[in-house]
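Down below is the structure, laid out as structure tokens.
Derivation of every value follows stated rules applied to the coordinates shown; laboratory data play no part. Only a predicted model underlies this, so the values are computations on that prediction, with no experimental measurement involved. All Cβ positions, glycine included, derive from the backbone under ideal geometry; neighbour counts span all protein chains shown.
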Amino acid sequence: MNQAVFLDRDGTLIQDLGYICDFSQIGFFPFAADAVQTMNRAGYLAIVVSNQSAVARGLCSESQIIEMHRRLQNHFKEQGAEIAAFYHCPFLADGKIAAYRLDSPWRKPAPGMLLQAASDFDLDLDRCVMVGDKADDIEAGKRAGCLTILVRSGQGRASEAALARTGPAPDHTADDLLAAARIIATLSPPGVERD
């Protein structure tokens, strides 16, 4: 079985600039490619799992999100950083667009995207890590049975304070994705049980 790092998109892999619909709107963290390379070298697939309610809100089409993710994947690949897949949840229970008005099991904090990726990539969720800047990311990771890391980038500092009061507590906290990747690189190598 394989192991993966599940990455939240906005605030974790790229800057959180609100609802974006096009590659040209992306704000890049200077450390992101190095972080993904570090995960790759440590034997982890990098898989993005992202709530994209902009589709249900009528701000973007789903095809725009898919194209943006394709270009984002290529952007990282050109820098030697492999992102294996992008999963997104376009649904929202009170969405404006009827076709996307759904309380989806894929929308974090539900673990649906992680469970689907586990099926698609033959992942051992016990050996996977969820990294994100929001409480929903940490909860989704916990519900899937993954180790969790909260990053302080994006909305992470506010989330850190909220989680300290309400939980669930992340297994680790890191300043940004590169710091998280360095923690991940110290975990057990493939084939070795983690305590």
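Key figures
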| quantity | calculated |
| --- | --- |
| Count of residues meeting criterion [part of a loop (DSSP other than H, G, I, E, B) and in contact (Cβ under 8 Å) with a residue 40 or more places away in the chain] in region 14-43 | 11 |
| Any strands (runs of 3 or more DSSP E) falling wholly within region 112-179 and containing at least 1 residues that are farther than 23 Å from Cys89 by Cβ | 172-174 |
| Within region 44-55, considering residues that are part of a loop (DSSP other than H, G, I, E, B) and under 23 Å from Leu123 (Cβ atoms), the one farthest from the chain's Cα centre (by Cα) | Tyr44 |
| Test: residue in region 91-98 that is surrounded by fewer than 16 Cβ atoms within 10 Å (Cβ to Cβ), hydrophobic (A, V, I, L, M, F, W, C) and not in a helix (DSSP H, G or I) | yes |
| Among residues of region 63-90, those that are surrounded by fewer than 18 Cβ atoms within 10 Å (Cβ to Cβ), part of a loop (DSSP other than H, G, I, E, B) and not charged (D, E, K, R), counted | 3 |
| Residue list for region 119-143, filter: surrounded by 19 or more Cβ atoms within 10 Å (Cβ to Cβ) and touching a residue at least 60 places away in the same chain (Cβ under 8 Å) | Leu123, Arg127, Cys128, Val129, Met130, Val131, Gly132, Asp133, Lys134, Asp137, Ala140, Gly141 |
| Any hit, region 108-117, residues being farther than 30 Å from Ser63 by Cα and among the basic types (Lys, Arg) | no |
| Ala85 being among the hydrophobic types (A, V, I, L, M, F, W, C) and under 17 Å from the mean Cα position of the chain (by Cα) | yes |
| Some residue of region 13-28 being closer than 23 Å to Ala93 by Cβ and buried (at least 22 other Cβ atoms within 10 Å of the Cβ) | yes |
